[in-house]
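**Q** Quick one: structure below, then a few questions.
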Amino acid sequence: MSATLSFPFQVDFMQRALVAGLAVGIFAPAIGIFLVQKRLSLIGDGIGHVAFAGVGAGLLLNVWPVWTALAFAVVGALGVDWLRSRRRVAGDVALALFFYSGIALGVVLISLGGGLNANVITFLFGQPLTVRPSEIIVILTLGGAITVTMWALRRPMFAVVTDEDWSRSAGLPVDGLNSLLAVLTAVAVVAAMRIVGILLVAAMMVLPVASAQLVARSFRGTLAVAVCVGAGSVVAGLSAAWLWDIAPSGAMVLAAASVFAVVSIAKRAAPRALRQEEHG
Amino acid sequence: MASERARPALLEARDVRFGYDGEPVLQDVSLRVAGGEFVALVGPNGSGKSTLLRILLGALKPERGTVRLFGADPDDVDERWRLGYVPQRPTLASEVPATVEEIVVSGRLSRRGWWRPLGASDRTAVMHAIESVGLADLAKRPVNTLSGGQQQRAFIARAFASEPELLVLDEPVAGVDAESQRRFSDSLTHLIREHDAGVLLVSHELSAVAAIVDRVIVLKGRVLFDGTPGDLVHEGVSLGIHPEDLPLWLEGLR
């Protein structure tokens, strides 16, 4: 990557990365806010590991890994939700069960398919700079489906993730909405893995929400700020990758983490400065 | 708010029996709540109040006896908006900031149809519910920045938002400030008078609502008393004049 061009998004591959990245920056926090409210911030990570087994299966069977990862992730997400809702095992144990089984199965399937290669590394760590137009169409389609569904169902979904017992007494379809949230989380993981990678996908769901909840005063406001932070982190991460020749997926997540750090410090410092001003 | 026995029951339990691991918790419990009636269910700790409430709402099945909610088995009631429920909870454990209005809107979903967008009449009902509990000025404030009493009023407004025919409240004024208790009493009066709703309040502290309770049911495994607050005076319990009477009397029943 060359830094001789002043504007990072003048070349085709950077524009493709920007389009796909912005989609992830928007739909990942849009679903992440419900996971954070439900105290399941790490479920995206767990499902990502199950999706890794799907990538392994796709490479072994010579099928496009996105489809096999989607199938594995959806089944894994529904499995975690089933175990959690029936209280067969504690929520974190249910996650761990799928988390470790998924990555173990992935390792075995990839070893059967010839071992680690560039293709596997791309899905593990993400690589937006090489994303193809056909992949962008898949990302936009899946991301669009997630965003539209979450917007349409934002109120009942908010009720369920905020107060499950009350929602049940009010006759809301709690089990159905929980399953839908699990399936859409799986779809989001797979749609984002080509851009940020299986190992970092949960960060794009959670970190923008973590920053937003420090400054927003409503659920709706938190969602709006989180989407802006998510999209902004993508632009900042891709720009940093262009300027300093660093891994773009890691740069995007570090940008999101930096926003959280800055907002946290500013929030702590602001009241202190105001107090000093009052006393001064 | 005079109780009228002849009116159809919104909620009725007959000869309900229930136990855990063979240990009886409830024996031959009967009660009814009609429209426009305010019934308080009281009892000492371990008297079976919570178990009875779960049975009345359909979360538990009685071993014997019947429960009818709006004339049907609780599981068969499709129009759940007819029931407003305020669970026992000190505060909202919300990770993400959520305003009073956002919480109360949830209460409208079952009335509107959860898959349908909210209309103008729904927004009016939500604001009306918020105003009725005295939180209009705090509608845009995050719930987790409010006091325990204000939060409880937000949950009561959520139950009001569906304009329920029956309101069931589980220990709603436990640890709540005096201002919130007064607001709470006013809003229940409004619901009963304006909407002819029935109210079942589970508590061991009735001083906040002493003036508006029609009937008190005292539970300790079985129904020990079912009558008006006036009848309770004969047992040496005054709800309004000496608020400490009831908790002391219930303690004596343990």
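**Q** Mind listing the long-range amide H neighbours of B:Leu146? Cut-off is under 5 Å, sequence gap 5 or more, other chains count too, H placed in the peptide plane at 1.01 Å from N.
**A** Under 5 Å from the amide H of B:Leu146: no residue qualifies.
**Q** Take every Cα pair under 8 Å in the stretch B:9-253 that's 6+ residues apart, average their separations, divide by the length, and report that relative contact order as a whole percent. Mind dumping the intermediate values first?
**A** Values: 476 pairs, mean separation 64.4, N = 245.
The normalised contact order for the stretch B:9-253 reaches 26 percent.
**Q** Of A:Ala216, B:Val96, A:Trp67, which is farthest towards the positive pole of the protein assembly as shown's charge dipole, taken about the Cα centre with +1 and -1 on the beta-carbons of Lys, Arg and Asp, Glu respectively?
**A** Going by the Cα projections, it comes out as A:Trp67.
**Q** Determine the shielding of peptide A:156-169 by partner chains: average, over its residues, the number of Cβ atoms on other chains within 10 angstrom of each Cβ.
**A** Whole-number average of other-chain Cβ neighbours for A:156-169 is 6.
**Q** A follow-up question, please. Across peptide A:211-218, how many C-beta atoms of other chains are within 10 Å of each residue C-beta, on average? Intermediate values should be presented prior to the final figure.
**A** Values: counts 0, 2, 5, 1, 1, 3, 7, 11.
Partner-chain Cβ atoms within 10 Å, mean over residues of A:211-218: 4.
**Q** Could you give the dipole magnitude of the stretch A:9-199 about its Cα centre, charging the beta-carbon of Lys and Arg +1 and that of Asp and Glu -1, in debye to the nearest 20?
**A** 140
**Q** Here's another thing I want to ask about it. What spacing in nm lies between the two simple spin-label points modelled at A:Trp67 and A:Val107, each 7 Å away from Cα in the Cβ direction?
**A** So the two model labels end up 2.9 nm from each other.
**Q** Give the total of Lys-Lys pairs in the protein assembly as shown with Cα-Cα distances below 27 Å; include a pair only if its members are 8 or more places apart or on different chains.
**A** On the way: A:Lys38/A:Lys267; A:Lys38/B:Lys140; A:Lys267/B:Lys140; B:Lys49/B:Lys61; B:Lys49/B:Lys220; B:Lys61/B:Lys220.
Going through the protein assembly as shown pair by pair, I get 6.
**Q** Let me ask you something else. Rounded if a/c is under 1.5, else prolate if a/b is larger than b/c, else oblate: which is the stretch A:9-199, with a ≥ b ≥ c the root eigenvalues of its Cα gyration tensor?
**A** On the way: a/c = 2.54, a/b = 1.34, b/c = 1.90.
Cα axes put the stretch A:9-199 in the oblate bin.
**Q** Next question. Can you give the calculated 222 nm mean residue ellipticity of chain A, where each DSSP H run of n ≥ 4 adds -39,500 (n - 2.57) and the sum is split over every residue, rounded to the nearest 500 deg cm²/dmol? Could the numbers behind the result be given before it?
**A** Working: 12 runs with 227 residues, N = 280.
Value at 222 nm, helices only, nearest 500: -27500 deg cm²/dmol.
**Q** Okay, moving on. Report, largest value first, the span of the C-alpha coordinates of the stretch B:9-253 along each principal axis, in whole Å.
**A** Ordered largest first, the stretch B:9-253 gives principal extents of 47, 41, 35 Å.
**Q** Let me ask something additional. How large is ³J(HN,Hα) for each residue in the stretch A:69-82, as worked out from phi by the Karplus curve 6.51 cos²θ - 1.76 cosθ + 1.60 (θ = phi - 60°), to whole Hz, x for Gly and Pro?
**A** With coefficients 6.51, -1.76 and 1.60, one gets 5, 4, 5, 4, 5, 5, 4, x, 5, 5, x, 4, 5, 5 Hz.
**Q** Working from the pairwise distances between different alpha carbons, so that the mean of 1/r is found and then inverted, what is the protein assembly as shown's Kirkwood radius in Å? Please list the in-between numbers first.
**A** Working: mean 1/r = 0.0387 Å⁻¹.
Computed over the protein assembly as shown, the radius equals 25.9 Å.
**Q** Give the long-range amide H neighbours of B:Arg222: residues separated by 5 or more places, or on another chain, with amide H under 5 Å away, using H modelled in the peptide plane at 1.01 Å from N.
**A** The answer is B:Gln27.
**Q** For a protection proxy built on the mean count of beta-carbon atoms within 10 angstrom, sort A:218-230, B:201-213 highest first, please.
**A** By packing density, highest mean first, the sequence is A:218-230, B:201-213.
**Q** Once label points are set 7 Å from the Cα along Cα→Cβ at both A:Ser134 and B:Glu131, what is their separation, rounded to one decimal in nm?
**A** 6.1
**Q** Considering every residue in B:103-115, what mean count of other chain Cβ atoms within 10 Å of its Cβ is obtained? Don't jump to the answer; show the numbers that get you there.
**A** Working: counts 5, 0, 3, 11, 3, 3, 9, 7, 2, 1, 1, 12, 5.
Shielding by partners across B:103-115 averages 5.
**Q** Sticking with this structure for a sec: Magnitude of the Cβ-charge dipole of the protein assembly as shown, K/R +1 and D/E -1, about the Cα centre, nearest 20 debye? Before the final figure, lay out the partial values.
**A** Working: 47 positive and 48 negative charges, 248 e Å.
Charge dipole of the protein assembly as shown: 1200 debye, to the nearest 20.
**Q** Can you list residues whose amide H is under 5 Å from B:Tyr85's amide H, if they're 5+ apart or on another chain and H is modeled 1.01 Å from N?
**A** HN-HN under 5 Å from B:Tyr85: B:Val168.
Values in this text are rule-based calculations from the coordinates and carry no lab data. Small disclaimer: the values here were computed from a predicted structure and weren't measured. Counting neighbours? That spans all protein chains shown, and the Cβs are built from the backbone with ideal geometry, glycine included.
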